[in-house]
Amino acid sequence: LRSYLRDESARLRRLRRFYEKVQALHQDPEASVDNPLLAFSLIKRLHSDWPNVIYSNEAAGNTQALHAGLREVEQELPGAEDLDGAARALMRLQDVYALSVKGLASGVFQRAGHPPLYSPGRRVSLSADDCFHVGKVAYDTGDYYHSITWLEEAVSLFRLSYGSWNPEDRSSLEDALDHLAFSYFMAGNISHALSLSREFLHYDPSNQRVSRNVAKYKKLLEMGTGASGAGRGAMVSLHHCAPFHALLGPLSPQPALERLLRLSCSYETNSSPYLLLQPAKKEMVWIRPYVALYHDFISDAEAETIKELAGPWLQRSVVASGEKQQKAEYRISKSAWLKDTAHPVVRALDQRIAAVTGLDLRPPYAEYLQVVNYGLGGHYEPHFDHATSRRSPLYRMKSGNRIATVMIYLSAVEAGGSTAFIYANFSVPVVKNAALFWWNLRRNGNGDGDTLHAGCPVLAGDKWVANKWIHEHGQEFRRPCSADPQD
């Protein structure tokens with residue numbers, strides 16, 4: 001685009017010089033076609049110079065160069081799926097963090113009556129066309145709750161700039177009014193749908209379809225009939241966002257004093273020679289379920305190495321569904337798997353995890369290291385790491401269920417991204433280079449229901465984690481059963 005603007009500017013400068021020269025000749029009161037030289041130059045100008053300017057291929061050549069440049073990078077540019085996914089991410093952030101659309105459009109990340117959740121160094125606002133696209137994504141899926149909130153903002157912004165034209169805009173005030181009116185109709189607010197449709201006709205009186213809608217809305221109001229559409233119930237959002245709204249900030253307090261007294265920070269060697277010279281920095285986060293945070297578990301250089309190794313292999317994350325693995329809207333991230341043979345850093349990390357947990361990570365007792373990247377609005381709805389059905393793909397390893405999880409934070413985030421334990425009612429914020437450890441199974445082999453957890457949406461930043469899932473086979477003497485079958 002910079003190259004195109006440079007070439008076009010040069011072409012227009014040359015064209016302006018030609019225009020100014022011609023204008024000066026025509027406006028010169030002393031100039032007379034009696035002068036044969038002047039007559040010749042006038043005839044030449046009108047016969048050849050002027051057509052040469054009109055039919056010049058220079059403008060077309062500049063445009064072709066711009067198109068060719070686009071084709072070179074087209075495969076690397078975001079696609080329609082990426083754009084729609086980004087729009088859905090904004091709606092997810094709106095829901096989970098209770099953010100106002102008007103605030104988001106003006107670059108403010110704030111809940112009503114609360115301090116800002118995130119204050120960017122550079123405040124970026126959304127245009128009317130931006131808001132229209134988010135609302136249109138919701139509209140196309142029948143999510144009229146979200147389409148109304150975003151299209152309302154689009155209409156408001158389009159009204160402020162009506163009459164001006166932006167080359168990048170694909171929508172207009174009329175488009176926003178049209179979609180917003182139908183959204184209100186489907187939500188059951190026919191009088192407002194009628195008002196917006198009448199406003200649309202003010203700008204485009206000849207539109208027959210909207211005229212028919214106006215007649216239809218009038219008739220429905222006269223009959224006292226409501227629309228058969230959907231209201232908020234039609235929205236597409238996190239199915240479980242209500243339970244962990246309160247868990248998105250700092251750690252919640254322990255419910256019992258005796259539990260508080262058992263929480264501590266310590267240097268741990270776990271009877272491992274590997275940790276004698278550099279003990280693990282362990283913080284007990286929760287007692288039941290058992291959750292511990294190991295600070296400075298990995299170095300900056302190791303974290304960067306793991307991200308670089310995983311980068312080329314990142315694919316949209318899948319989830320276990322019945323006997324298959326598939327993509328799902330309730331997990332938005334990209335992931336890659338690294339074998340311990342991929343790099344000495346991965347092998348050293350496996351050894352460190354084995355030393356800290358005291359568990360056997362040799363194949364097939366543990367899965368490969370999974371590296372996950374959560375970008376714009378990336379999240380993982382409430383789920384268990386352990387299998388809740390014997391038909392789960394996890395059992396194909398023939399090493400039992402997932403007994404424990406180690407989740408390593410490879411990056412920091414500016415806001416959001418906490419790991420929320422739903423039933424236990426607490427959350428752990430992202431702590432760069434720390435490792436979060438918890439037991440998925442109780443000592444009797446049953447799944448621990450209190451480990452239901454969620455990856456809260458990333459509000460600002462780029463969240464990278466590395467997961468190590470350890471299976472129950474091979475741990476019989478490292479974490480033996482309890483004498484109490486209820487334990």
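The values are calculated or read from the model by the stated rules, or taken from the named source; none is laboratory data. Nothing here was measured: the structure is a model prediction, and the numbers come from that model. As a convention, Cβ positions derive from the backbone with ideal geometry for all residues, glycine included, and neighbour counts pool all protein chains shown. We work out accessible area using only protein heavy atoms, side chains counted, and drop any ligands, DNA or RNA first. Shrake-Rupley method; radii C 1.70, N 1.55, O 1.52, S 1.80 Å.
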> If you stretched the chain out fully between N270 and K102, how much longer would it get, using 0.36 nm times the residue separation minus the C-alpha to C-alpha distance?
Replying inline: 55.2 nm
>> Eigenvalues of the Cα gyration tensor times 5, then square-rooted: what semi-axes does that give for the chain, in whole angstrom, largest first?
In response: 59, 33, 19
> Which whole-number value in Å² is the accessible area per residue of the chain, probe 1.4 Å?
Replying inline: 55 Å²
> Under a point-charge model restricted to the Cβ atoms of Lys and Arg (+1) and Asp and Glu (-1), what is the dipole moment magnitude of the chain relative to its Cα centre, in debye to the nearest 20?
Replying inline: 700 debye
> Taking 0.36 nm per residue of separation and subtracting the Cα-Cα distance, what length does fully extending K432 through L277 add?
Replying inline: 53.6 nm
> Going down the list K102/K463; K339/K468; K136/K218; K398/K468, which pairs span over 19 Å between their C-alpha atoms?
Replying inline: K102/K463; K136/K218
> If you rank W464, W337 by how much accessible surface each has, with a 1.4 Å probe, what is the order from largest down?
Replying inline: W337, W464
>> Tell me which of S56, Q75, A24 sits at the most positive position along the dipole axis of region 1-76, charges placed on C-beta atoms (Lys, Arg +1; Asp, Glu -1).
In response: A24
> Counting Lys and Arg as +1 and Asp and Glu as -1, each charge on the Cβ, what is the dipole of region 80-223 about the Cα centre in debye, to the nearest 20?
Replying inline: 440 debye
> In nanometres, what is the gap between the two model label sites at S119 and K219, each 7 Å from Cα along Cα-to-Cβ?
Replying inline: 5.7 nm
>> Ignoring ligands, DNA and RNA, please state the percent of accessible area on region 80-223 from carbon and sulfur, probe 1.4 Å.
In response: 52 percent
>> With a 1.4 Å probe and all protein chains left in place, how much of the accessible area of region 403-475 comes from carbon and sulfur atoms, in whole percent?
In response: 44 percent
> Going toward the positive end of the dipole of the chain, with +1 on Lys and Arg Cβ and -1 on Asp and Glu Cβ, which of A89, V134, L201 do you reach last?
Replying inline: A89
> For region 1-76, what is one quarter of the convex hull surface built on the Cα atoms, given in nm²?
Replying inline: 5.8 nm²
> In whole percent, what relative contact order does the chain give with Cα contacts below 8 Å and a gap of six or more residues?
Replying inline: 12 percent
>> With angles folded into 0 to 90 degrees, how steeply does helix 190-203 sit against the dominant principal axis of the chain? Use alpha carbons for both and round to 10.
In response: 30 degrees
> Just how far, in whole angstrom, is region 172-187 from region 1-79 if you go by their alpha carbon centroids?
Replying inline: 44 Å
>> For region 348-429, what does the convex hull of the Cα positions come to per residue, in cubic angstrom?
In response: 136 Å³
> What angle, in degrees between 0 and 90 and rounded to the nearest 10, separates the Cα long axis of helix 300-310 from the longest principal axis of the Cα atoms of the chain?
Replying inline: 70 degrees
> Considering every Cα-Cα pair within region 80-223, what fraction, in whole percent, is farther apart than 24 Å?
Replying inline: 35 percent
> Between V430, H383, G416, whose Cα lies farthest towards the positive end of the dipole of the chain when Lys and Arg beta carbons carry +1 and Asp and Glu beta carbons carry -1, centred on the Cα centre?
Replying inline: H383
> Quick one: with all protein chains in place, what share of the accessible area of region 1-76 is carbon or sulfur, to the nearest percent (1.4 Å probe)?
Replying inline: 57 percent
>> Helix 80-96 against the longest principal axis of the chain: what's the angle in degrees, Cα atoms only, rounded to the nearest 10?
In response: 60 degrees
